[in-house]
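Some notes on the structure that comes next.
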Amino acid sequence: MIPFSMKNGTLCVEDIPLPEIAARYGTPCYVYSHAYLTERARRFTNALDGAGKGKALIAFAVKANPSQAILASFAAEGLGADVVSAGEIQRAVTAGIPPERIVFSGVGKTAEEMEYALKIGIGQFNIESVPEIEMLAEVAASLGKVAPVALRINPDVDAHTHAKIATGKADTKFGIAAEQALSAYEKVACYPSLKIQGIASHIGSQITDLAPFEAAAQRIHEIIVALEKAGHPIETADLGGGLGVRYKDDQPEPPSIEAYGEMIKRVTKGWNCRLIFEPGRSLIANAGLLLSKVIRVKESKTARFVILDAAMNDLVRPTLYDAYHEIKAVTPAVDYYHADIVGPVCETGDIFARNRHIPTVKADDLMALMSAGAYGATMASVYNSRPLVAEVMVSGDKSSLIRKRQSVEDLMRDEQKPEWL
Ligand SMILES: *Cc1c(COP(=O)(O)O)cnc(C)c1O
């Protein structure tokens with residue numbers, strides 16, 4: 001299914017031309033294709049059908065896009081959630097994801113967050129350090145509960161991705177070193193308020209080669225075998241997320257969900273545990289775009305700047321990760337030129353693309369920043385007092401506002417002046 005396509009010279013989302021979306025909801029706004037994100041979820045589920053023992057749990061990484069409408073769409077497809085805060089647990093449960101399908105990751109879970117998660121009854125805590133084991137044991141004991149625990153092991157695998165999104169090397173803050181796995185599991189076994197349930201790993205994001213996934217899975221299996229030999233049965237193996245997607249039209253497709261599934265089935269053949277996956281980007285990145293309007297085109301002696309009404313506060317990936325996004329004219333002209341595509345924020349880093357070859361545009365033309373469904377809206381800020389933008393979901397010829405555009409009043413609502421001022 002192709003979520004965004006040109007029809008009669010106009011870029012459309014499913015059956016709706018984007019100018020209609022802009023007229024109805026304003027710009028900038030995020031636009032998601034419901035059919036496409038649903039299809040991705042189904043493909044992931046089908047690709048892993050038959051892998052491991054029982055039915056694999058596909059736990060969507062909520063941080064990639066925590067929208068209620070999107071979480072509810074995935075809940076309807078039977079997905080669970082991978083969360084990294086109490087806030088994400090609350091969002092997932094509110095959207096209809098059953099607590100037992102929630103996996104809680106992250107190096108900095110607080111005692112309050114652990115208590116909240118235990119009371120709600122989440123499916124698994126992915127613990128990332130020995131002090132965290134101790135804290136969870138104490139919190140669970142104080143509530144008279146037994147916490148289901150997996151230890152996140154750092155397999156020391158290089159995922160060949162951007163340094164800011166690599167998590168599986170020994171020198172990152174994530175997970176417990178493989179050499180310390182056995183002693184850490186022995187520690188878990190000492191606490192009656194903890195139950196050893198599984199093992200977990202997540203080696204990074206936007207990984208476009210299956211080899212690091214395979215190496216990490218093999219490393220995890222060696223540890224499972226050692227643990228079982230030492231008398232610690234492992235019921236679940238969480239192989240994380242991280243499958244990459246295509247951001248550039250002229251680049252080859254990274255391994256498909258199906259190719260990933262085939263590799264996993266081959267590598268995990270004979271494993272006696274239930275598998276868990278935590279995909280984020282691969283389910284939602286290409287289901288969304290950021291629709292923006294050209295404010296003006298500014299020509300200087302040395303460069304041409306297309307100034308959009310969207311900026312780095314709305315989509316920070318280019319600034320933060322040097323990320324590439326395709327930028328399309330919604331109703332492209334026949335002539336092309338080169339331009340820097342920038343936002344209005346007062347930062348030199350507020351650049352979406354440098355010297356990009358694009359159809360010529362003028363003020364009020366619409367442009368679409370593609371592949372913005374993951375790590376887009378979720379990372380937005382209100383820098384420069386720019387309210388969070390609207391978000392819209394499209395299904396066929398229907399569209400619906402899934403997040404109202406903020407107002408400046410919303411931004412100031414929780415502020416107050418000291419009474420002595
Ligand atoms: C970010 C993250 C994910 C999702 O990664 P994607 O690249 O979006 O698939 C999964 N698990 C953990 C622990 C994460 O931190």
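Being surrounded by fewer than 20 Cβ atoms within 10 Å (Cβ to Cβ) and farther than 19 Å from A200 by Cα is a description that does not apply to A92. Flag set for H202, criterion: crowded, with 21+ Cβ neighbours inside 10 Å, touching a residue at least 24 places away in the same chain (Cβ under 8 Å) and in a loop (DSSP other than H, G, I, E, B). Applying the condition of being among the polar types (S, T, N, Q) and surrounded by fewer than 18 Cβ atoms within 10 Å (Cβ to Cβ) to segment 39-89 and asking which residue is nearest to A237 (Cα to Cα) yields N46.
Checking the conditions here, which among V157, V107, V103 is within 16 Å of the ligand (Cβ to nearest atom), touching an Asp or Glu at 6+ places or on another chain (Cβ under 6 Å), assigned to a loop (DSSP other than H, G, I, E, B) and not polar (S, T, N, Q)? The unique qualifying residue is V107. Condition test on T331, is it more than 19 Å from the chain's Cα centre (by Cα) and without any contact (Cβ under 8 Å) to a residue 12 or more places away in the chain? So T331 does not fit the description; no. Here segment 216-233 is the region considered, the condition is being open to solvent by 40 Å² or more (accessible area, probe 1.4 Å) and within 17 Å of I276 (Cα to Cα), and the residue that is farthest from the ligand (Cβ to nearest atom) is P233. When the residues of segment 361-417 are filtered to those that are loosely packed, with under 14 Cβ neighbours inside 10 Å and not in a loop (DSSP other than H, G, I, E, B), the one that is nearest to the chain's Cα centre (by Cα) is S400.
Filter segment 91-127 for residues that are of a type in the set (D, E) and out of contact with any Leu (no Cβ under 8 Å at 6 or more places or on another chain) and give the result. Even if it seems obvious, please write down each step before you answer.
Looking only at segment 91-127, we keep the residues that are of a type in the set (D, E), and these are 100, 112-113, 115.
Those that are of a type in the set (D, E) and out of contact with any Leu (no Cβ under 8 Å at 6 or more places or on another chain): E100, E112, E113.
Residue pairs whose Cβ atoms lie under 6 Å apart, sitting 6 or more positions apart in sequence or on different chains, and linking a residue in segment 388-412 that is over 21 Å from P19 (Cβ atoms) to a partner that is of a type in the set (A, V, I, L, M, F, W, C), are L388/A380; Q406/L388; L411/V382.
Hey, could you check segment 160-169 for residues that are surrounded by 14 or more Cβ atoms within 10 Å (Cβ to Cβ) and over 14 Å from F213 (Cα atoms) and say which is farthest from the ligand (Cβ to nearest atom)? The selected residue is H162. For segment 171-193, filtered to residues that are open to solvent by less than 70 Å² (accessible area, probe 1.4 Å) and assigned to a loop (DSSP other than H, G, I, E, B), the residue that is nearest to S142 (Cα to Cα) is S193.
The values are calculated or read from the model by the stated rules, or taken from the named source; none is laboratory data. Just so it is clear, the structure is predicted and the values come from calculations on it, not from any experiment. Don't worry about glycine lacking a Cβ; one is built from the backbone with ideal geometry, like all the others, and counts go over all protein chains shown. Heavy atoms of the whole protein, side chains included, go into the accessibility calculation; ligands, DNA and RNA do not. Shrake-Rupley method; radii C 1.70, N 1.55, O 1.52, S 1.80 Å.
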